[in-house]
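See below for the structure under consideration.
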Amino acid sequence: MRKIAKQDIVSARGEHAPVIPDLGEGKRGEGGYFGYLLRQAGAAHRLRMERVLADLGITPPQFVVLTMLVAYPGISGADLARLAVLTPQTVSVIVANLERSGAIVRRSHPVHGRIQQIDVTEGGRALLKRCRARVKKLEARMAAGFTPEEELVIRRWLVNVAREDDCAGWSAP
């Protein structure tokens, strides 16, 4: 089967269709806008995460929630949503699904009975350990070719981009 060249694509009316650049070309490459390139990279990373975690029965957002629950035990649902960069409603669904799978348990706060505390079970910790091993390999592939110093610069830049207070006062010219 002949591979169709981009310039060979013609619409139903006989007009040439717009040429969509390959990844790494045009606005999808080094000449692209930072915001678009971040979105493009984020989508590619999420897809890779979905693929490496799929057979473990966990999604990338579930992985993030488990990670944050282990890193910051006793955090509130609202804080968990902020840390995981998810809506409270999404976190609620994720927590329910993780509870149903046995990865976490909810219990009432000993003093404030209406407050629910979330604990990661031993099974949840074992699952997270398997997930982390896979994600660590994925991140090592992403960082391949960078020196530790360059990787640190990238990490600092990403943190600075994400800081909300850095956006204060930004407006259209």
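The values are calculated or read from the model by the stated rules, or taken from the named source; none is laboratory data. These figures come from a predicted structure and were not determined experimentally. Note that each Cβ is placed from the backbone with ideal geometry, even for glycine, and that neighbours are counted across all protein chains shown.
Give me the residue from the range 10-33 that is in contact with a helix residue (DSSP H, G or I) (Cβ under 8 Å, 6 or more places away or on another chain) and part of a helix (DSSP H, G or I) and, out of that set, surrounded by the fewest Cβ atoms within 10 Å (Cβ to Cβ). Don't jump to the end; show me each part of the working.
Applying the first criterion (in contact with a helix residue (DSSP H, G or I) (Cβ under 8 Å, 6 or more places away or on another chain)) to the range 10-33 yields 16, 19-23, 27-28, 32-33.
Filter once more, keeping what is part of a helix (DSSP H, G or I): 27-28.
Numbers: 27: 11, 28: 15.
Across the range 10-33, the extreme among qualifying residues is 27.
What are the residues in the range 62-86 that are β-branched (Val, Ile, Thr) and either modelled with pLDDT of 95 or more or assigned to a helix (DSSP H, G or I) (or both), if any?
64, 65, 67, 70
On the given criteria, is residue 65 of a type in the set (Val, Ile, Thr), free of Cβ contacts under 8 Å to residues at least 40 places away in the same chain and surrounded by 16 or more Cβ atoms within 10 Å (Cβ to Cβ)?
Yes: the conditions hold for residue 65.
What pairs come out if I take residues in the range 111-133 that are part of a loop (DSSP other than H, G, I, E, B) and pair them with residues that are of a type in the set (S, T, N, Q) whose C-beta lies under 9 Å away, six or more apart or interchain?
Pairs that qualify, where the first residue is part of a loop (DSSP other than H, G, I, E, B) and the partner is of a type in the set (S, T, N, Q), are 114/108; 115/76; 115/108.
Given (1) surrounded by fewer than 15 Cβ atoms within 10 Å (Cβ to Cβ); (2) within 24 Å of residue 55 (Cα to Cα), identify the lone condition not met by residue 158.
(2)
For the range 34-46, which positions are of a type outside the set (Ser, Thr, Tyr), more than 30 Å from residue 117 (Cβ to Cβ) and surrounded by 11 or more Cβ atoms within 10 Å (Cβ to Cβ)?
Within the range 34-46, 37, 38, 39, 40, 41, 44, 45 qualify.
Tell me which of these residue 90 doesn't satisfy, since it passes every other one: (1) in contact (Cβ under 8 Å) with a residue 40 or more places away in the chain; (2) closer than 21 Å to residue 131 by Cα.
The number of the failed condition is (1).
When the range 156-173 is examined, which residues are found to be farther than 16 Å from residue 35 by Cα and modelled with pLDDT of 90 or more?
156
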